[in-house]
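S.K.: Okay, handing you the structure first.
The values are calculated or read from the model by the stated rules, or taken from the named source; none is laboratory data. Just so it is clear, the model here is predicted, and its values are computed rather than measured. Glycine gets a Cβ as well: all are built from the backbone with ideal geometry, and neighbour counts include every protein chain shown. Please note that ligands, DNA and RNA were not included when accessible areas were found on the heavy atoms of the full protein model with its side chains. Shrake-Rupley method; radii C 1.70, N 1.55, O 1.52, S 1.80 Å.
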Amino acid sequence: TRDKRKAMGLCRECKKPSATTSCEKCKKDRKDKRLELLRNKQCTSCTKPNENGKDQCDECGSKEYERYKKYRVTPEGRQRERRARLKYHYGISPEEYEELSALQDHLCEICRCEQGHRRKELYVDHDHKTGAIRGLLCHNCNSILGLAYELPELLRQAADYLEKYRKKETSDALD
């Protein structure tokens, strides 16, 4: 039946018209599912959890997690992954990231700290509606914007709230 679907020009998964045996959407979905399993330390073949921390699945003998781990652990693998992540999410190369970082003196654009909280790199801040890059931020500043739904009026209200209680505390301390 696979040959028949191929001859008819149908995707083997969603059965929609496709020039190849798998359409681009199904390929992406399959890749995303595989990566999700690997991130959760599950075997990609049988989806059993890898509880013992071995690089090989006890159930089916698959070594897919070992390949994934090896790819992520090597410096070349990390560089490849970073390049792909920057290109996929923000449409920039690591060189363009470095240029942007140099324009900001390698500091967070809001608080001017030197690096991110959990990692050494600063986070790429972008408008979620347009995808336009605004700058590089540390973990805390990036989180603040995200938690405030990127609404300036909400951030102003929060600042007013803090200032109101700061004034109240200083006036109480003087009394």
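S.K.: Restricting to helices (runs of 4 or more DSSP H) lying wholly in segment 31-123: which have 3 or more residues that are open to solvent by less than 80 Å² (accessible area, probe 1.4 Å) and at pLDDT below 65?
M.R.: By residue number, 64-73.
S.K.: What number of residues in segment 132-150 are assigned to a loop (DSSP other than H, G, I, E, B) and open to solvent by 70 Å² or more (accessible area, probe 1.4 Å)?
M.R.: The qualifying residues number 1.
S.K.: Hey, does segment 158-175 have a residue that's in a helix (DSSP H, G or I), at pLDDT below 90 and surrounded by 12 or more Cβ atoms within 10 Å (Cβ to Cβ)?
M.R.: no
S.K.: Let me ask another. Consider Lys129 carefully, then state whether it is at pLDDT below 90 and either part of a helix (DSSP H, G or I) or closer than 28 Å to Lys28 by Cβ (or both).
M.R.: yes
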